[in-house]
Amino acid sequence: LQPGEVFLVHGGSGGIGTAAIQLGSAVGATVAVTAGSADKLDRCRQLGATILINYHTDAFDEVVRNATGGHGADVILDGIGANYPSRNLAALAASGRLLVIGLQGGRRAELDLGALLSKRAAIIATTLRWRSVAEKATTVAAVREHVWPLLESGDVRPVVDRVMPITEVAEAHRVVEVGEHVGKVVLTMPPRDVPG
């Protein structure tokens, strides 16, 4: 992601989304987000998003194209997967990059390869799972170099919706599943008695 590019973040109010908004803003990108309510979109705006899309009522591909004068998104961060491929492609700018990091909407989808070719676009699918220790170490080093200074300066900060004891794990899962949170829901272990 480069300064001046348009960055579309699906699920902007989630833990990854709230971090992505801040990172995109920090590098000087225009950040567009999808979220499911006006309150969540307002929280995304407070974190730096400027193009706000309610996925229940708005066609995100049309909103992004209209808001960018037809340019579209240079980078799309997609944790949804199968529900969005054709609309992601419609929202993508020429030479854009679609980064698939999750499959909340399913694994299988149909994609118009002709449209992909005409945009000279790239689809990148990635996860930290199933990577070697060396690859994970390279990722950690890049985070240390590029992201950690933004955390230290306060330009990027973790967004924690609530902290719950591990004994309430079922309730924590319910909160996340129904989308009652913005940012992360953190579970804590009870303090252990340490012999004196």
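Regarding region 49-59, can at least one residue be identified that is hydroxyl-bearing (Ser, Thr, Tyr) and free of Cβ contacts under 8 Å to residues at least 12 places away in the same chain? Yes, that holds for at least one residue. Does VAL182 satisfy the criteria of being in contact with an Asp or Glu (Cβ under 9 Å, 6 or more places away or on another chain) and within 30 Å of GLN46 (Cβ to Cβ)? It is true that VAL182 is in contact with an Asp or Glu (Cβ under 9 Å, 6 or more places away or on another chain) and within 30 Å of GLN46 (Cβ to Cβ). The helices (runs of 4 or more DSSP H) located wholly in region 3-114 that include 2 or more residues which are in contact with a Phe, Trp or Tyr (Cβ under 7 Å, 6 or more places away or on another chain) occupy 85-91. For region 35-88, the set of residues classified as modelled with pLDDT under 95 and at positive phi consists of GLY81 only. Picking from residues in region 178-196 that are farther than 14 Å from GLY15 by Cβ and modelled with pLDDT of 90 or more, the one that is surrounded by the most Cβ atoms within 10 Å (Cβ to Cβ) is THR188. For region 159-177, filtering for residues that are touching a residue at least 60 places away in the same chain (Cβ under 8 Å) and open to solvent by 70 Å² or more (accessible area, probe 1.4 Å) leaves 0.
Any residue that is in contact (Cβ under 8 Å) with a residue 24 or more places away in the chain and either more than 23 Å from ALA32 (Cβ to Cβ) or aliphatic (A, V, I, L, M) (or both) - is there at least one of those in region 146-153? The answer is yes, given that some residue of region 146-153 is in contact (Cβ under 8 Å) with a residue 24 or more places away in the chain and either more than 23 Å from ALA32 (Cβ to Cβ) or aliphatic (A, V, I, L, M) (or both).
The values are calculated or read from the model by the stated rules, or taken from the named source; none is laboratory data. Note that the coordinates shown come from a computational prediction; the quantities given were computed from them, not determined experimentally. Neighbour counts run over all protein chains shown; Cβ positions are idealised from the backbone, glycine included. Quick note on the areas: whole protein, heavy atoms, side chains included, nothing else; ligands and nucleic acids left out. Shrake-Rupley method; radii C 1.70, N 1.55, O 1.52, S 1.80 Å.
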